[in-house]
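This report concerns only the one structure given below.
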Amino acid sequence: MILIADCGSTKIDWCLLNGNEKVAQIFTTGMNALMLTKEEMTARIHDELMPHIMAYKVDEIFYYGAGIISDEIKGNVVSALKTNMPAATRIEVESDLLAAARALCGHKPGIACILGTGSNSCYYDGERVVDNVSPLGYILGDEGSGAVLGKLLVGDVLKKQLPEHLCQKFLKEYNTDRTQIINAVYRQPAANRYLAQFAPFLQHNIDEPSIHDLVFRAFTAFFVRNVESYEGYKNLPCNFVGSIALYQKAVLQEAAAARGITIGNIIQNPMEGLVKYHAN
């Protein structure tokens with residue numbers, strides 16, 4: 001049997017396959033391999049996953065996760081998986097970016113992008129990621145992401161760059177004010193997730209010209225600063241995974257068309273695509 005893991009910092013989506021048949025799908029607490037020790041990951045897999053799959057013999061494991069940035073970290077994850085599933089004869093540990101590429105493009109070349117809380121992109125040759133523009137995080141980069149969209153929105157509200165009725169609507173809807181926002185962004189942890197929570201406001205008010213313009217400019221920046229760095233980008237489909245891409249699909253396609261870029265697949269999460277990739 002094949003076990004696939006799509007691992008984020010918040011949750012892990014595990015899917016167990018027997019050939020083309022999905023035997024089980026389990027959700028456990030997320031793990032960022034950069035932040036946890038080998039022992040911590042081993043214990044978490046043992047406590048949260050193994051009770052659900054003890055009855056099955058896992059032969060192959062394909063783990064895609066946050067924080068996979070070095071061979072040492074890969075080795076820690078392999079060890080944690082092997083300790084819990086010693087019968088597995090093949091264990092592959094790869095980045096969440098490769099998960100997105102394989103889920104979106106399968107075995108065909110293309111540009112694969114992530115637009116969620118953060119953003120990322122790569123040129124994929126049908127098997128591996130061969131080029132990647134560093135996302136740089138929400139302060140220096142992450143164009144088009146939920147965090148950056150939220151940052152732009154909050155900045156425009158507090159500087160009164162949006163129509164007054166939208167500024168008041170935002171502050172009332174989130175029951176917040178300038179002091180609370182400044183404190184959350186500059187003095188509390190996880191400011192990126194805090195800012196990303198405001199992205200739905202943009203979706204719900206996208207018919208407002210000023211909101212549409214904000215989102216359009218953010219997506220244009222994503223294409224200019226990321227996608228257009230890949231050779232031959234106009235000749236390949238540009239594919240997306242993530243809630244921001246899915247829910248703002250119309251504006252994303254509009255921004256892409258303005259830059260001569262062709263949009264391919266847009267999906268919310270990579271698991272279904274990964275199931276197809278590995279089942280085949």
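Okay, here's what the table says:
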| quantity | calculated |
| --- | --- |
| Relative contact order computed over the chain (Cα-Cα under 8 Å; 6+ residues apart), in percent | 18 percent |
| Radius, Kirkwood style, for the stretch 168-280 when every pair of distinct Cα atoms is counted (Å) | 16.3 Å |
| With Cα atoms, 0 to 90° folded angle of helix 164-173 axis to the chain main axis | 40 degrees |
| Tilt relative to the chain, helix 249-258 - C-alpha long axis, 0 to 90 degrees, to 10 | 70 degrees |
| GluC sites (Glu not before Pro) restricted to DSSP loop in the stretch 112-192 with at most 16 other C-beta within 10 Å | E127 |
| Extension gain (nm, one decimal) between S210 and K159, 0.36 nm per residue minus Cα-Cα | 17.0 nm |
| Calculated P(r) of the stretch 1-75 - Cα pairs past 16 Å, % | 49 percent |
| C105 accessible area, assembled protein chains, probe 1.4 Å, Å² | 20 Å² |
| Length released on extending from I69 to N32, taking residue separation times 0.36 nm less the Cα-Cα span | 12.2 nm |
| Given K22/K249; K11/K234; K159/K234; K11/K172; K74/K234; K151/K172, the pairs whose alpha carbons are separated by over 25 Å | K22/K249; K11/K234; K159/K234; K11/K172; K74/K234 |
| Principal-axis tilt of helix 178-187 within the chain, Cα atoms, nearest 10 degrees | 40 degrees |
| Accessible area per residue, Å², the chain with all protein chains present, probe 1.4 Å | 48 Å² |
| Candidates A88, A218, A101, ranked by Gaussian network fluctuation over the chain, Cα under 10 Å, top entry | A88 |
| Distance between modelled label sites at V185 and Q197, nm, 7 Å Cα→Cβ extension | 1.5 nm |
| Charge dipole (the stretch 1-103, unit charges on Cβ, about Cα centre) - positive-most of S9, F27, S70 | F27 |
| Sequence-separation-based contact order of the stretch 118-208, relative, with Cα cut under 8 Å and 6+ spacing, percent | 29 percent |
| Accessible area of the chain belonging to carbon and sulfur atoms, whole % at 1.4 Å probe | 51 percent |
| Solvent-accessible ranking of D71, D6, largest area first, probe 1.4 Å | D71, D6 |
| Convex hull per residue volume in Å³, alpha carbons only, for the stretch 32-168 | 167 Å³ |
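The values are calculated or read from the model by the stated rules, or taken from the named source; none is laboratory data. What you see is a predicted model; the values in this text were computed from it and never measured. Cβ: placed from backbone, ideal geometry, glycine included. Neighbour counts: every protein chain shown. Just the protein is used for accessible areas: all its heavy atoms, side chains included, with ligands, DNA and RNA removed. Shrake-Rupley method; radii C 1.70, N 1.55, O 1.52, S 1.80 Å.
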